[in-house]
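S.K.: Mind having a look at this structure? Questions to follow.
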Amino acid sequence: MTGGSAEEPTGRLRGRVATWRDQALAFGWLVLIWNLLWGQFTWGNLIGGLLVGAVVLLFFPLPPVTFGGRLRPRALLALAGRFVAELVVASVRVARIAVQPGFRPRSAIIAVPLRIRTDLNLALTAELVSLVPGTLILEVDREAGVLYLHVLDVRRPQDLADNRARVLEIEARIVRAVGSAAEVRRLRDEPDEKEKHL
């Protein structure tokens, strides 16, 4: 009995620390996304992001999204580097499509089942995919772990497969950067399982 009562406050304390940690992570992401939406990091955007993040968390509390992974700096740098490169390439491609006279791009809506179905992975993957010009998230099926997205300039069936593979590669880079050891193992063990069913 004594051991159980001593463990109870410790468990509550751990729960509170985990809640504060999750709130801090959510707050940080909200501030970052606010600055990304404005397209530049300025003191005004930073202060605006802090205010908006505080208001959102205070008046519209988000459902708890637990972070069971760990940050891996090298993988995080690789994620950021590849994201910037994809951003530049996609921007040039969309600009070319916009100014090419008489060209009418064909678009498509595709479903991409993710391999890691946590709320955090769904949110991060959807966010990074949406920030790249030429792709737009239309819907997220939280239960099934599926992203539905609109893609621009689809000319042949291989383009659909390439876009699915690109989303899965973004997911893999996110999991390698911030996922748990179990998620990284699951990704390594079943890299192509979802693609087989598409």
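S.K.: Could you work out the local net charge near Glu86, counting Lys and Arg as +1, Asp and Glu as -1, over the other residues with Cβ closer than 14 Å to its Cβ?
M.R.: So the surrounding residues net to 0.
S.K.: Next question. Take Arg74 and Leu36, extend 7 Å from each Cα along the Cα→Cβ direction, and tell me the distance between the two endpoints in nm.
M.R.: Each label point lies 7 Å from its Cα, and together they span 2.4 nm.
S.K.: Which order do the peptides 173-185, 26-38 take when ranked by the mean count of other beta-carbon atoms within 10 Å per residue, highest first? Walk me through the numbers on the way to the answer.
M.R.: Values: 173-185: 18.8, 26-38: 16.1.
Packing proxy ranking, top to bottom: 173-185, 26-38.
Since every read-out is calculated from the coordinates, none of them should be taken as a lab result. Keep in mind that this is a model prediction, so the values were computed, not measured. Methodologically, a virtual Cβ is constructed for each residue, glycine included, from the backbone with ideal geometry; neighbour enumeration extends over all protein chains shown.
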